[in-house]
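Below: the structure, in structure tokens.
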Amino acid sequence: MAYDFIHIEEKWQKHWSDNKVFKADNESNLPKYYVMDMFPYPSGAGLHVGHPLGYIASDIYSRYKRHKGFNVLHPQGYDSFGLPAEQYAIQTGRHPLETTNENILRYRAQLDRLGFSFDWSREIRTSNKDYYKWTQWMFIKLYNSWYDLSLKKARSIEDLILIFNKSGNINLNASKSESSLKFNSKQWCSFSEQKKEKVLLDYRMAFLSDTEVNWCPELGTVLANDEIIDGLSERGGYEVIRKKMIQWSIRISAYSDRLLSGLNDIDWPDPLKEMQRNWIGKSEGILVKFDVLNFDKQIHAFTTRPDTIYGVTFVTLAPEHPLVELITTDDNKNHINNYILESSKKTERDRISDVKSISGVFTGAYVLHPLTNIKIPVWISDYVLAGYGTGAVMAVPCGDQRDYNFAKFFNLPIVNIFKDIDISNEAFKEKNNFVLTNSEELNGLDFKKGYLLALEKLKKLDKGIHEINYKLRDAVFSRQRYWGEPFPVYYKDNMPVMISEKYLPVELPNVDKYLPTEDGNSPLGNSANWAWDSLNNKIVSNKLINNETVFKMELNTMPGWAGSSWYFNRYMDPTNKDEFASKKSLNYWKEVDLYIGGSEHATGHLLYSRFWQYFLYDLGLVPVKDYAKKLINQGMILGNSAFIHRLNGTNTYISNELVKEQNVQLIHIEISCVNSNNELDLEELRKWQPQFKNAKFEFLNDKFIVKREVEKMSKSKYNVVSPDEICEKYGADTLRLYEMFLGPIEQAKPWNTAGIKGTFSFLKKFWNLFHQNENFNVVNDKPSSESLKILHKTIKKINDDIENFSFNTSVSAFMICVNGLSSIKCNNRSILESLCVLLSPFAPHISEEIWNKLGHNESISFVNYPECNPVYIKENNVEYPVSFNGKLKFKLVQESSLDIHQIKQNIIIDQRTNNYLDGRGIKKIIVVPGKIINIVC
RNA sequence: GCUCGAGUGGUGGAAUUGGUAGACACGUUGGACUUAAAAUCCAAUGAUCAGUAAUGGUCGUAUGGGUUCAAGUCCCAUCUCGAGUACCA
């Protein structure tokens, strides 16, 4: 009987879905286990073979855990709001809702075909109003909270008002926006309501501010830092410029230190943690206060090198620094203003590509050195960033290359404070291997001692504060886009007002035009009905706006990461109408035990979601601080692109070997036009794109060889392999096994369809163990010791490998096992039953089919995973355990005078020579399996 | 530049805590079955030397050193590749 995978897979997929086999229960006596994938973005292109890699791994682990007796939650959903869906809608001229639903259906069909054990009854979509209702609800929570830096947690804004009533903000240690307004309780009480609101807005976790943002005119929206690559937008690769706009921001920077230290408590991949650490960018140093000459003002500059304080020869401010205008002398005003104008015009791209050129202008003002009181000139330059530290730098040319270059360029003095170190060509950047000189009381000290003494001195003079700085910026939360969560916000007297929780969700209105506008107005402005009637609490026509009872709504929408920052909590209780998830369900499932997804989200989603969960935790809304205990990054599966060479300016293409020194252009071609020997099938190519009909092709030895290159799999590179093709030809089980077999889960690896034969023939062999001459054929004998040995070695190996997420070696172990069983012609029922269960997480369809044929009515999913019995080799009535790789492990019995246990518990024998060479006192142990004869010391 | 990570046959990749390097698979070669092909099955397959052969020797995990009875694995230096980040003071 042939292995008819198409029939088998359809049958079992139907069975699972009809019987809701994978439905997880919120109440159970079993221990819980929560396995989650990063939910996909339903794009128009459908899935390619790279997408399911992580899903296959998580599915294997989920099924394995079910076998092990856990109540497993393994949900799936769609991150269906956001830019790509909208871009696709714009391109096709259809409503995003319509295209999104269509894409989701396609994704679902493709996912189903792979036989995943998702609990689809818990499906969520971020663009569903039942879901984004709670995203809006959480936004309101953010708005109504502030961050207490002393208690290190977010607190209700009511608490803040109480504090203001009692003592103003004099002693308050809170995270807030730039504003130097200080007030006591009396002043606070005298403020108008509007002024109070303005003050509070500076403290809220979600706040409005006129910030410089990364504006992408082509996409018509602002982008977060992590959505920009090399000054171009991540999506589409369009130019990004700096622009000031009023935007909602989220005060994620308040959580910098907790997000950083929290990394120590979670089992996430080290490289990913490292990325988050770098992104948060903690640096410890001193805020040095410089008195401005002739002004009652101070310039504060952050430095990590207070030991070099005596090397300061000038101070540089960012062009946007608030003091620049005040302190600039009249004769320098023109220069300065021109420079500020110039640098504000520069795009993000220009600034990055223009790292090397040096520019700056002298303000004419001076500050006093805090320790020597020497006059120090103040310059401005755009190498100083307004957003980091205080936007001011104390320049130490001898110890910092940029300051050095700047000083050389503008002929500013350079003082060498490093003893016997030559700085005539470049600055000395090391923190070690020097002692200070020209530094008064710091002379002779090294970095550490110099640092501490300088800190102490500056503190004493009230000229320095110990400070910790972070690179992490607050996250811009507004998008000038249609396809996103609307803000539950209207504007009264130009101040934002939250719509009451009772009236959520604020539904996304229908608009005729969802194209972004170049001037930055959101498409929501095109809606005829986008005003808030505060008497009747509902959305009404814009015509009714009177600014007394009917108000203008917020036109922006939330960014893509809003909905994905908390979705793991919603899966626990996805249909709840009264809460984002019930307390009971939150307390039962608590957190994700295993989260699988790509590392490209390291500084985006994976950071924002940690922050979001911390925030919810602070408010007591969730029971755990970190939502994902363990994270695994699956590597990308890369495509194997094919190119042909076109002679420049002609319509002639030449075979790969003919390319010598001609000018050629590489043209991507569809990979299905190329066979496994890299030979081009010209007929196929002409069928694919008729433009090649009239082209000339130069062959070599009747062959036309293409050039191949490994790159990201993408539709535009014509290198996509669809899982559907593979399922048709080999079946889902083969695809699942092969994707796991390709290599370690976390590694990037190129797809190569040729190798799939190996896993396919493995499944056929497995099938043939039970089938002989068209018949199902198993025997009920007592299993032979040989077959038991094979089975138990496999059980042990597979168990260990799954626990270590080493799925590629598991698949190898299966192959070895089946090869072994088929070579001894084992078709014993009990052996095969165990093997079925063992294999079912990897290749569920074929396993279920055989399981069923073996006479079981219940689905294989509820059977316990086979336990391993150690395999022994018996010799002279002594049993020796055999390890999986065939090495004999000898338990040493106390037979010699040596205390061998102290040396090693087990020793490994070279089976060829019977020698064992363990050291540390023992020169040589000669052992024959079964008995220890000699120990030579 | 800085921070991580990785270099093993023709290819993807194995190798628990340092203990038979190259598992498993692809590819290649030879054989069986077939009129033939496909499919399937069997065998060989790191390099090199000796031998008719069984077999045996030598060299081999990017390069050069080191620690160790023993190194792909640990340490130092160098080279190459990949990822992240970038005027962060």
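Things worth noting here:
- Extreme residue, nearest to RNA strand B (Cβ to nearest atom), among residues of the stretch A:715-761 that are under 20 Å from A:Leu111 (Cβ atoms) and of a type in the set (S, T, N, Q): A:Thr734
- Selection within the stretch A:72-93 - part of a helix (DSSP H, G or I) and either buried (at least 23 other Cβ atoms within 10 Å of the Cβ) or in contact with a helix residue (DSSP H, G or I) (Cβ under 7 Å, 6 or more places away or on another chain) (or both): A:Leu83, A:Ala85, A:Glu86, A:Tyr88, A:Ala89, A:Thr92
- Some residue of the stretch A:507-521 being in contact (Cβ under 8 Å) with a residue 40 or more places away in the chain and over 24 Å from A:His95 (Cα atoms): no
- Close pairs from the stretch A:627-638: first without any contact (Cβ under 8 Å) to a residue 60 or more places away in the chain, partner surrounded by 18 or more Cβ atoms within 10 Å (Cβ to Cβ), Cβ under 7 Å, at least 6 apart: A:Tyr627/A:Phe568; A:Tyr627/A:Glu591; A:Tyr627/A:Val592; A:Tyr627/A:Ser609; A:Tyr627/A:Gln613
- Boolean, A:Lys289 is more than 9 Å from RNA strand B (Cβ to nearest atom), open to solvent by less than 50 Å² (accessible area, probe 1.4 Å) and basic (Lys, Arg): yes
- Selection over the stretch A:525-583 of residues that are in contact with a strand residue (DSSP E or B) (Cβ under 9 Å, 6 or more places away or on another chain), among the polar types (S, T, N, Q) and part of a loop (DSSP other than H, G, I, E, B) gives a count of 7.
- Elements of type strands (runs of 3 or more DSSP E) contained in the stretch A:354-417, each with 1 or more residues being within 7 Å of RNA strand B (Cβ to nearest atom), within 23 Å of A:Asn469 (Cα to Cα) and touching a residue at least 40 places away in the same chain (Cβ under 8 Å): A:392-395
- For the stretch A:605-631, a residue qualifies if it is open to solvent by 10 Å² or more (accessible area, probe 1.4 Å) and within 16 Å of RNA strand B (Cβ to nearest atom), and the qualifying residues are A:His605, A:Tyr608.
- Residues of the stretch A:285-332 that turn out to be under 14 Å from A:Val378 (Cβ atoms) and either part of a helix (DSSP H, G or I) or of a type in the set (Val, Ile, Thr) (or both), as a count: 14
- Strands (runs of 3 or more DSSP E) contained entirely in the stretch A:621-722, each with at least 3 residues that are among the charged types (D, E, K, R) and in contact with a Ser or Thr (Cβ under 8 Å, 6 or more places away or on another chain): A:707-712
- Unmet requirement for A:Gly69, which otherwise passes all of (1) buried (at least 22 other Cβ atoms within 10 Å of the Cβ); (2) of a type outside the set (Asp, Glu); (3) part of a loop (DSSP other than H, G, I, E, B): (1)
- Applying a threshold of 7 Å to beta carbon distances and a minimum spacing of six or more residues, or different chains, the list of pairs starting in the stretch A:76-100 at a residue that is under 22 Å from A:Met36 (Cβ atoms) and ending at one that is open to solvent by 10 Å² or more (accessible area, probe 1.4 Å) and of a type in the set (Lys, Arg) reads A:Gly77/A:Arg125; A:Tyr78/A:Arg125; A:Ser80/A:Arg125; A:Pro84/A:Arg235.
- Any hit, the stretch A:585-602, residues being within 16 Å of RNA strand B (Cβ to nearest atom), surrounded by 20 or more Cβ atoms within 10 Å (Cβ to Cβ) and under 30 Å from A:Leu151 (Cβ atoms): yes
- Looking across the stretch A:257-286, the residues that are open to solvent by 60 Å² or more (accessible area, probe 1.4 Å) and among the basic types (Lys, Arg) come down to A:Arg277, A:Lys282.
The values are calculated or read from the model by the stated rules, or taken from the named source; none is laboratory data. Owing to the predicted nature of the structure, the values given are computational and were not obtained by experimental measurement. Heads up, the Cβs are rebuilt from the backbone with ideal geometry, glycines too, and the neighbour counts pull from every protein chain shown. SASA here: full protein model, heavy atoms, side chains in, ligands and nucleic acids out. Shrake-Rupley method; radii C 1.70, N 1.55, O 1.52, S 1.80 Å.
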